[in-house]
Amino acid sequence: MTYANDRFYVVDFLTAKVYAYTSTGQRDAAADFDLDSDNTDPFGISYVNDLFYVVNNADAAAQVYVYTSSGQRDSDADFNLTNTDPFGAAYVNNLFYVVDNGDNQVYAYTSSGQ
């Protein structure tokens, strides 16, 4: 879950969708957005510099898919992850921290994926 634009955004791995809620807990369906068809196994979301970063836990390649604040994919900003079983993310002090469920480690990345 992440907070942006006066809303909470929750990624749902079953529906591959991001749902928006007001700070009082009311659903804001107008701010929901579908994830790209390649973003099939989302397990984390962060909001940084007007962009949503959604961690994808795919068998072929774990990566981060990037979306604009209106929910449009920005594929030029996507990046691959080193860890193989990402399961959550946070953004702190200019770095993304991605938890790995398989090896019980936390990996740090810049917004360009380094």
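Just for strands (runs of 3 or more DSSP E) wholly inside region 62-110: which have at least 1 residues that are in contact (Cβ under 8 Å) with a residue 40 or more places away in the chain and open to solvent by 70 Å² or more (accessible area, probe 1.4 Å)? Before the answer, list the steps.
Values: elements: 63-68, 86-92, 95-100, 105-109.
Here the list reads 86-92.
The rows are residues; the columns are (1) at pLDDT below 95; (2) among the hydroxyl-bearing types (Ser, Thr, Tyr); (3) in contact with a Phe, Trp or Tyr (Cβ under 6 Å, 6 or more places away or on another chain); (4) part of a strand (DSSP E or B).
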| residue | (1), (2), (3), (4) |
| --- | --- |
| 10 | no, no, yes, yes |
| 19 | no, yes, no, yes |
| 24 | yes, yes, no, no |
| 30 | no, no, no, no |
| 37 | yes, yes, no, no |
| 44 | yes, no, no, yes |
| 52 | no, no, yes, yes |
| 59 | yes, no, no, no |
Give me the pairs, please: first residue somewhere in region 34-52 and without any contact (Cβ under 8 Å) to a residue 60 or more places away in the chain and buried (at least 17 other Cβ atoms within 10 Å of the Cβ), second residue anywhere and aromatic (Phe, Trp, Tyr) and not in a strand (DSSP E or B), beta-carbon distance under 8 Å, and either six or more positions apart or on two chains. 42/13; 43/13
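The values are calculated or read from the model by the stated rules, or taken from the named source; none is laboratory data. Treat the numbers as computed from the prediction; the structure is a model and nothing was measured. All Cβ positions, glycine included, derive from the backbone under ideal geometry; neighbour counts span all protein chains shown. Remember, those area values only see protein heavy atoms, side chains included, never the ligands or the DNA or RNA. Shrake-Rupley method; radii C 1.70, N 1.55, O 1.52, S 1.80 Å.
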